[in-house]
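First up is the structure itself, then whatever we jot down about it.
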Amino acid sequence: MTGELKAVVLCAGEGTRLRPLTFSKPKHLLPVAGKPLLGHVLGSLADAGLTQVGLVVGHRPEAVQRYVGDGEQWGIEATYITQDQPLGLGHAIKQTRQFVGDSPFIVYLGDNLLENGIQEFVTEFRNDGMQASLLLKEVDDPRRYGVAVLDDQRRVLRLLEKPADPPSNFAIIGVYAFEPVIFEAIEQIKPSARGEVEITDAIQYLIEHEGVVSARVIDGFWEDAGEPKALLRANRQYLDLAVSQVQGSVSPDCMVSGTACIGKGTRVIDSRLIGPVLIGRNCVIEHATVGPYAAIGDGCEIINSVIADSVIQDNCRISGLPGGLDGSVLGENVQIVGGEPLNCPLRMILGDMAQIRMF
């Protein structure tokens, strides 16, 4: 390996499976356990010692740039690269040619979350001399994923996209490592039947032209948080790793069980918190039950309501829901006013500024 190892984060997608949440913001800025998906990804890259990071942006790029800035909060140097049209991962990577130069690089899909990070993967790639390397995860139903077939030395023999009869259960997840030769492979392949330049086709081209591609099978959880159910699963998994920290005020008439993280300026009054639960800053929780697995953003008010297994973004107002919200994701500045006799739990996916009043 020659040159400094760089990183490329792909965060240009529109996030259609997460609408209406993504009409007003990129999916990579949706929160999991109080932090945007992209924040988890950049933290993982920084932990692995990568400082030169190119972010491929497309849908609402100004929001990504506003959040990341120059990258200083993660100790990285951020460069922005535009993908004007969503023409596949191979096409997105092709746009980074000038940023990458002659350096090897890591590609990280900006909506993928890994419990144990990528430090070991990066170290192995630095040392193994391969032209490419993949992260894999054993899954129960590999028909839903791209699948890798390996030899006894964990080298990749071939790749198949969502095979009806999978030859292995090793799913390809959203982290790759490449030498710059991958750009030559991308130039040689044609778009797939869906009109996209597939990175799996480029890797297969390398293999068929005497390139050597290694793989690492990960432990711990992996989530591709590209749809509401996956976002909620990731939220549960990260909340399970949380450590209690109470910076706000909890009145004596409250009951708190399990892990609770409560931000500064938040007041919890005559309520029950069932951990793991995370409540942001400057919230009011009154006559309510919150948790388990609820992540509440900053500036929210939850009155006379029950919230469980949900992601509630900043500045939401929820009142009069004794039956509760369960398995829900709310955007910012959402208002929900319930009414009697509403005693069954609701499941909602609401975009920013939505208002619901029940009578």
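The values are calculated or read from the model by the stated rules, or taken from the named source; none is laboratory data. Note that the structure is a prediction, hence the values are computed from the model and not measured. We place every Cβ from the backbone using ideal geometry, glycine too, and count neighbours over all the protein chains shown.
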Among the candidates ALA177, ALA230, single out the residue that is among the aliphatic types (A, V, I, L, M) and free of Cβ contacts under 8 Å to residues at least 12 places away in the same chain. ALA230
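Tell me yes or no: at least one residue of region 48-56 is out of contact with any His (no Cβ under 8 Å at 6 or more places or on another chain), touching a residue at least 60 places away in the same chain (Cβ under 8 Å) and closer than 23 Å to ARG194 by Cβ.
For region 48-56, residues out of contact with any His (no Cβ under 8 Å at 6 or more places or on another chain), touching a residue at least 60 places away in the same chain (Cβ under 8 Å) and closer than 23 Å to ARG194 by Cβ: absent.
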Could you tell me how many of the residues in region 62-85 are buried (at least 18 other Cβ atoms within 10 Å of the Cβ), under 17 Å from the mean Cα position of the chain (by Cα) and not aliphatic (A, V, I, L, M)? 1
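Would you call ILE173 more than 30 Å from ARG236 (Cα to Cα), within 22 Å of the chain's Cα centre (by Cα) and assigned by TED's automatic domain parsing to the domain that holds VAL139?
Numbers: more than 30 Å from ARG236 (Cα to Cα): no; within 22 Å of the chain's Cα centre (by Cα): yes; assigned by TED's automatic domain parsing to the domain that holds VAL139: yes.
Against the criterion (more than 30 Å from ARG236 (Cα to Cα), within 22 Å of the chain's Cα centre (by Cα) and assigned by TED's automatic domain parsing to the domain that holds VAL139), ILE173 does not qualify.
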Identify the single condition in (1) exposed (fewer than 15 other Cβ atoms within 10 Å of the Cβ); (2) at pLDDT below 90 that MET130 does not satisfy, given that it satisfies every other one. (1)
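Determine, yes or no, whether GLY129 is within 19 Å of the chain's Cα centre (by Cα) and touching a residue at least 12 places away in the same chain (Cβ under 8 Å).
It is false that GLY129 is within 19 Å of the chain's Cα centre (by Cα) and touching a residue at least 12 places away in the same chain (Cβ under 8 Å).
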How many of the residues making up region 35-59 are within 12 Å of the chain's Cα centre (by Cα) and surrounded by 18 or more Cβ atoms within 10 Å (Cβ to Cβ)? 8
Picking from VAL337, VAL284, VAL311, the residue that is buried (at least 21 other Cβ atoms within 10 Å of the Cβ) and not assigned by TED's automatic domain parsing to the domain that holds LEU29 would be VAL311
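Please work out which residue is nearest to GLU115 (Cα to Cα), limiting yourself to region 231-268 and to residues that are surrounded by 14 or more Cβ atoms within 10 Å (Cβ to Cβ) and of a type in the set (Ser, Thr, Tyr).
Looking at the filtered set, the residue picked out is TYR238.
I'd like the residue in region 99-132 that is acidic (Asp, Glu) and part of a loop (DSSP other than H, G, I, E, B) and, out of all such residues, is nearest to PRO31 (Cα to Cα). Walk me through it before giving the result.
Residues of region 99-132 acidic (Asp, Glu): 102, 111, 115, 120, 124, 128.
Retained after the next criterion (residues that are part of a loop (DSSP other than H, G, I, E, B)): 102, 111, 115.
Working: ASP102: 35, ASP111: 11, GLU115: 16 Å.
Once the filter is applied, the top-ranked residue is ASP111.
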Any idea which residue in region 266-320 is modelled with the highest pLDDT, counting only those that are at positive phi and of a type in the set (Gly, Ala, Ser)? GLY299
Could you please find all residues in region 315-330 being under 18 Å from the mean Cα position of the chain (by Cα) and not hydroxyl-bearing (Ser, Thr, Tyr)? GLY327, VAL329, LEU330
Which one is farthest from LEU50 (Cα to Cα), of the residues in region 156-198 that are in contact with a Ser or Thr (Cβ under 8 Å, 6 or more places away or on another chain) and in a loop (DSSP other than H, G, I, E, B)? GLU198
Mind checking whether some residue in region 204-213 is surrounded by 15 or more Cβ atoms within 10 Å (Cβ to Cβ), in contact (Cβ under 8 Å) with a residue 12 or more places away in the chain, closer than 25 Å to LEU114 by Cα and under 26 Å from the mean Cα position of the chain (by Cα)? yes
Do we have any residue at all in region 92-105 that's of a type in the set (D, E, K, R) and under 20 Å from the mean Cα position of the chain (by Cα)? no
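Anything in region 294-310 that is of a type in the set (A, V, I, L, M) and under 23 Å from the mean Cα position of the chain (by Cα)? List them, or say none.
ALA294, ALA295, ILE296, ILE307, ALA308
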Taking region 133-148 and keeping only residues that are surrounded by 15 or more Cβ atoms within 10 Å (Cβ to Cβ) and assigned to a strand (DSSP E or B), one is left with SER133, LEU134, LEU135, LEU136, LYS137, GLY146, VAL147, ALA148
